[in-house]
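Reading through the structure tokens given below for one structure.
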Amino acid sequence: MSDVKHKKLGWSFLSSTSLVLVCLSSNPTMKMKDVAKRVGITERSVQRIVAELEAMGVLKRTRIGRQNRYEIDPGVPMRHELEAHRSVGDLLETLLPCEALEVSAAATRSKKEKREVHREACLAAT
């Protein structure tokens with residue numbers, strides 16, 4: 001579905017929080033203004049969402065020079081009772097292509113673990 005058709009509908013199956021997570025998982029150094037543009041919300045809203053995700057332990061921000069790098073903890077359980085049996089990682093595995101999963105896991109897993117996760121995700125996708 002094109003962006004134009006999506007904007008006419010006025011809703012999405014995923015929340016802004018989920019979309020911010022997808023953006024930062026696929027590009028851990030993405031600037032907040034770029035996340036805002038991609039998700040279709042204000043930069044201030046992205047800042048609020050990132051702060052909430054940090055407070056919940058889902059996201060860790062590391063300053064590298066003038067840039068931030070975001071690391072997502074895939075083991076954090078989802079918050080709502082209907083989804084609490086799943087983790088943030090489960091959501092991202094569903095939404096991201098295999099290549100992006102490897103990038104998002106880079107900071108939290110060893111090389112051997114990353115290869116195994118990537119192999120399993122790609123096998124499951126076929």
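The values are calculated or read from the model by the stated rules, or taken from the named source; none is laboratory data. Just so it is clear, the structure is predicted and the values come from calculations on it, not from any experiment. Note that each Cβ is placed from the backbone with ideal geometry, even for glycine, and that neighbours are counted across all protein chains shown.
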Of the conditions (1) surrounded by 17 or more Cβ atoms within 10 Å (Cβ to Cβ); (2) modelled with pLDDT under 65, A107 clears all except one; give me its number.
(1)
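Mind counting the residues in the stretch 41-75 that are in a helix (DSSP H, G or I) and β-branched (V, I, T)? Spell out the reasoning first.
Within the stretch 41-75, the first condition is being in a helix (DSSP H, G or I), and the residues that meet it are 43-55.
Remaining after also requiring β-branched (V, I, T): 46, 49-50.
Number of matching residues: 3.
On the given criteria, is R44 over 13 Å from the mean Cα position of the chain (by Cα), loosely packed, with under 14 Cβ neighbours inside 10 Å and modelled with pLDDT of 95 or more?
Values: over 13 Å from the mean Cα position of the chain (by Cα): yes; loosely packed, with under 14 Cβ neighbours inside 10 Å: yes; modelled with pLDDT of 95 or more: yes.
Spelling it out, R44 is indeed over 13 Å from the mean Cα position of the chain (by Cα), loosely packed, with under 14 Cβ neighbours inside 10 Å and modelled with pLDDT of 95 or more.
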Pairs with Cβ under 8 Å, 6+ apart, first in the stretch 75-94 and of a type in the set (S, T, N, Q), second not in a helix (DSSP H, G or I)
S87/P74; S87/G75; S87/V76; S87/P77; S87/M78
I'm trying to understand the selection: among the residues of the stretch 23-41, which are at pLDDT 95 or above and in contact with a His (Cβ under 9 Å, 6 or more places away or on another chain)?
none
